[in-house]
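**Q** Below: one structure in structure tokens.
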Amino acid sequence: MPAPTTVTIRMYNPGFGDCFLVTVKEHDKTWRMLVDCGVHSHGRFKVNGQSRGIGEIVGAVIDQLSAEAADGQPAVDVVVATHRHADHISGFAEDAWNAVRVGEVWVPFVEDPEDPDTRALKGDLGEAAKHLQALVARARKARPGSRSLALALDFAANSSGNALATKRLVEGEFANRGTVRVRYLPSREPAENAIPTGIDGVTVHVLGPSRKAELLKRMNPPASVRWLEDADHEALPATDREDLFDTMYRVPRDEVETRIPEELVKTRNSLRLNEMAYDEDSLLAAASVLERSVNNTSVFFVLDVHGSRFVFVGDSQQGAWDHVLDDPAARRLVTDATFYKVGHHGSHNATPRRYVEEILGDDATAMVPVGFVRAWADTIPNAHLLEGLAEKHIRIIRADSPHIDKDVTVDDAHQLWTEARFTCPVG
């Protein structure tokens with residue numbers, strides 16, 4: 001009987017952020033993938049009262065890659081930046097990556113400057129984030145102690161992305177610059193979304209984000225299937241047709257439906273510019289809309305190891321999940337999974353109830369990359385989601401409260417990571 005293939009998934013602990021190192025080994029072959037590396041500015045992990053910088057996480061990842069390299073040169077086959085939020089990519093701004101060889105970089109198609117579907121979406125979100133930052137900053141001058149405004153500013157900044165990190169990723173600025181392949185995913189060619197790893201029987205299937213505008217607009221699940229029944233509080237009534245930004249940033253009326261996400265249109269229609277600068281709730285709601293818009297551009301993929309499936313969703317929300325679960329082939333790939341990386345740190349609108357109750361399957365392992373943020377201390381991770389996973393006998397591993405279980409190890413000394421090991425039979 002052939003020797004089994006092993007998969008180890010190391011979840012690093014930057015705080016409220018994502019960083020996963022995936023290693024697949026079979027005989028003398030090894031394939032490694034790094035999925036995201038970032039932290040939210042309001043959720044850095046604290047050690048003895050001191051915030052841990054993302055540079056320490058980057059150093060730990062590179063040290064691990066160096067230790068596993070035969071020649072001591074740190075290397076990874078694939079770097080995946082699921083989407084441009086700082087809590088997923090801020091670590092790639094660190095110069096330490098200049099010493100790491102990278103085979104490929106995978107980013108969502110919205111980062112491709114040559115993609116016609118990208119220009120409008122990325123441009124609109126970027127401009128909206130920039131102007132919201134300016135509005136919030138102005139309001140904070142009058143109310144510097146406002147926690148709502150501080151959070152709104154952070155949301156807007158998070159949605160703007162990190163220019164240095166994005167540049168490194170899309171230009172392949174690593175040790176082997178010039179030979180790094182950058183993939184914008186999913187490809188328009190379906191066959192190119194089943195990506196071989198170099199190990200027979202081990203393939204990555206890219207399922208999202210969807211390129212369908214109507215699905216990208218679905219940033220929240222219907223009220224009937226939300227984990228929180230009262231999660232509609234961010235919705236704003238469309239009562240005002242006045243434009244939000246200066247005329248130079250206007251989109252022609254006949255192009256609004258195709259170029260601007262529906263929730264941004266609702267926000268624009270509901271607020272006057274002069275009112276918005278003094279309305280904390282409206283600023284926070286608008287910034288939250290931007291946050292959800294970018295989440296739904298996450299690269300959503302399944303690592304298939306001889307039929308054992310490992311599901312990574314970034315921060316995908318309802319539209320992205322609908323795209324996957326309503327497609328029979330994609331749905332099969334996420335059914336009875338061995339592993340699920342819980343989306344958006346366990347928020348109410350990132351894991352559909354039907355996925356947990358009907359599709360994920362019993363006895364899987366779920367990793368929750370979550371850290372403490374005061375504003376979400378009572379809501380993230382969502383209690384109903386955790387209860388639903390527990391009812392299905394899912395093993396839950398949280399970054400903020402690691403525990404030793406079967407095939408699970410923890411970095412006790414520095415609380416830097418938790419690692420789970422899986423054995424995948426061949427044939």
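Values quoted throughout were computed directly from the atomic coordinates according to the rules given, and no laboratory measurement underlies them. Please read these numbers as outputs of a predicted model, since none were measured by experiment. Quick reminder, even Gly has a Cβ in these numbers, built from the backbone with ideal geometry, and neighbours come from all protein chains shown.
**Q** Which far-off residues, 5 or more places away or on another chain, put their amide H under 5 Å from the one on residue 399, with H placed in the peptide plane?
**A** Answer set, sorted by chain and number: 368, 370.
**Q** While we're on this one: Among 361-369, 328-336, what's the highest-first ranking by average C-beta atoms within 10 angstrom per residue?
**A** My ranking of the peptides, most packed first, is 361-369, 328-336.
**Q** What net charge is computed for the residues neighbouring residue 78, neighbours being all others with C-beta under 14 Å from the C-beta of residue 78, Lys and Arg scored +1, Asp and Glu -1?
**A** +1
**Q** So, R0 is 22 Å and r is the distance between the beta-carbons of residue 27 and residue 68; what FRET efficiency does that work out to, to 0.05?
**A** 0.90
**Q** Which value, in debye to the nearest 20, describes the size of the charge dipole of region 317-363 about its Cα centre when Lys and Arg Cβ atoms bear +1, Asp and Glu Cβ atoms bear -1, and nothing else is charged?
**A** Value, rounded to 20: 160 debye.
**Q** What whole number of Å gives the distance from the Cα centroid of region 171-192 to the Cα centroid of region 356-383?
**A** 31
**Q** Per residue of region 74-88, what does 6.51 cos²θ - 1.76 cosθ + 1.60 with θ = phi - 60° give for ³J(HN,Hα)? Whole Hz please, x for Gly and Pro, Karplus curve as stated.
**A** x, 8, 9, 6, 9, 10, 10, 10, 4, 6, 7, 5, 4, 6, 10
**Q** Further, regarding this structure: Nearest 20 debye, what's the magnitude of the dipole of region 350-427 about its Cα centre given +1 on Lys and Arg Cβ and -1 on Asp and Glu Cβ?
**A** With only Lys, Arg, Asp and Glu charged at Cβ, the dipole is about 160 debye.
**Q** Order these peptides, 348-359, 388-399, 42-53, by their mean beta-carbon neighbour count within 10 angstrom, highest first.
**A** 348-359, 388-399, 42-53
**Q** Once the Cβ-Cβ distance between residue 187 and residue 51 is put in as r, and R0 is 35 Å, what FRET efficiency do you end up with, to the nearest 0.05?
**A** 0.35
**Q** Follow-up question, since we're still on this one. Sort largest first and round to whole Å: the equivalent ellipsoid semi-axes of region 76-116, each the square root of five times a Cα gyration tensor eigenvalue.
**A** After scaling each eigenvalue by five and taking roots: 20, 14, 9 Å.
**Q** Take residue 8 and residue 214, extend 7 Å from each Cα along the Cα→Cβ direction, and tell me the distance between the two endpoints in nm.
**A** 4.7
**Q** Another question about this same structure. Can you pull the Kirkwood radius for region 1-54, inverse mean 1/r over Cα pairs, to one decimal in Å?
**A** Answer for region 1-54: a Kirkwood hydrodynamic radius of 13.0 Å.
**Q** On to the next question. Could you please tell me the mean projected area of the C-alpha convex hull for region 340-379, averaged over all directions and given in square nanometres to one decimal?
**A** Averaging across all directions leaves 3.1 nm² for the Cα convex hull.
**Q** Taking a ≥ b ≥ c as the square roots of the Cα gyration tensor eigenvalues, with a/c under 1.5 meaning rounded and otherwise prolate when a/b beats b/c, else oblate, which class fits region 17-154?
**A** Here region 17-154 falls in the oblate category.
**Q** How large is Rg over Rh for region 30-100, taking Rg from the Cα atoms and Rh as the Kirkwood inverse mean of 1/r across Cα pairs?
**A** With Rh from the inverse mean 1/r over Cα pairs, Rg/Rh is 1.00.
**Q** Let me ask you something else. If R₀ is 30 angstrom, what is the calculated FRET efficiency for the pair residue 423 and residue 375, using the beta carbon separation as r and rounding to 0.05?
**A** That gives a FRET efficiency of 0.15.
**Q** Residues with beta-carbon under 14 Å from that of residue 67, excluding residue 67: net charge, scoring Lys, Arg +1 and Asp, Glu -1?
**A** Once positives and negatives cancel, what remains is -3.
**Q** Amide H of residue 5 versus every other amide H placed in the peptide plane: which residues, excluding those fewer than 5 positions away on the same chain, fall under 5 Å?
**A** Those qualifying (amide H under 5 Å, at least 5 residues apart or on another chain) are 424, 426.
**Q** Give 141/341; 341/406; 25/341; 130/212 a once-over and call out the pairs whose C-alpha atoms are over 28 Å from each other.
**A** Checking Cα-Cα distances, 141/341 exceed 28 Å.
**Q** Take the alpha carbon gyration tensor of region 305-351, find the square roots of its eigenvalues, order them as a ≥ b ≥ c, and report rounded if a/c is under 1.5; if not, report prolate when a/b exceeds b/c, else oblate.
**A** It comes out oblate by the Cα gyration axes.
**Q** Another question, then. Assign one of three labels to region 355-427, namely rounded, prolate or oblate, based on the Cα gyration tensor with a ≥ b ≥ c the square roots of its eigenvalues; rounded applies when a/c is under 1.5, prolate when it is not and a/b is larger than b/c, and oblate otherwise.
**A** Cα axes put region 355-427 in the oblate bin.
**Q** Could you calculate the contour length gain from residue 336 to residue 412, that is, 0.36 nm times the residue separation minus the distance between their Cα atoms, to one decimal place in nm?
**A** Contour length minus Cα-Cα distance gives 24.2 nm.
**Q** Sticking with this one: Pull out the extension gain between residue 115 and residue 137, defined as 0.36 nm times the separation in residues minus the alpha carbon to alpha carbon distance; nm, one decimal.
**A** 4.7 nm
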